[in-house]
Amino acid sequence: MSWQTYVDSNLIGTGKVSKAAILGQQGGVWATSSGFNLSAVEQKAIIDAYKNPTSVLASGLKLEGQKYFGISANDRSIQLKKAADGVVIVKTKQAILVAVYVGPLQAPEVTPVVESLADYLISVGY
């Protein structure tokens, strides 16, 4: 299965995620949904957020030029919010999954989708 299939089927295909990307922890975009464009600076900020997850609570992150505020962060999962929309970011052994959702969906509906894919990727060495 290609990385693109994980984005298209396991994230976007659930109907709970509107935009998604899989980033490599060493940099680079492995796959992304159509029209989801994270700048190199935004990608680096997401990767670097895991060096000090609590800093995300203070400063948030920008995705596609939009500022999202941190609502929770630890060494595996980061949740961000902007008005009714939000982002769930989960780190695996080698990748970082970025999933954007649109209100009225809420983090508790989206997080299990992203966490489940992350658990699977970890189980197969990624």
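The values are calculated or read from the model by the stated rules, or taken from the named source; none is laboratory data. Keep in mind that this is a model prediction, so the values were computed, not measured. All Cβ positions, glycine included, derive from the backbone under ideal geometry; neighbour counts span all protein chains shown. All accessible areas refer to the heavy atoms of the entire protein, side chains included, with ligands and DNA or RNA removed. Shrake-Rupley method; radii C 1.70, N 1.55, O 1.52, S 1.80 Å.
Miscellaneous remarks
- The stretch 26-49, subset in a strand (DSSP E or B) and out of contact with any helix residue (DSSP H, G or I) (no Cβ under 6 Å at 6 or more places or on another chain), residue least open to solvent (accessible area, probe 1.4 Å): THR32
- Within the stretch 51-79, residues that are within 15 Å of ILE96 (Cα to Cα) reach partners that are among the polar types (S, T, N, Q) and surrounded by 15 or more Cβ atoms within 10 Å (Cβ to Cβ) with beta carbons closer than 7 Å, at six or more positions or on different chains, in the pairs GLN79/SER72.
- Test: LYS67 is surrounded by fewer than 16 Cβ atoms within 10 Å (Cβ to Cβ), modelled with pLDDT of 95 or more and under 14 Å from GLN25 (Cβ atoms): no
- Among residues of the stretch 88-126 being farther than 14 Å from ILE22 by Cβ and not in a helix (DSSP H, G or I), the one that is least open to solvent (accessible area, probe 1.4 Å) is TYR101.
- Restricting attention to the stretch 1-56 and to residues that are within 15 Å of the chain's Cα centre (by Cα) and among the basic types (Lys, Arg), the residue that is farthest from LYS67 (Cα to Cα) turns out to be LYS16.
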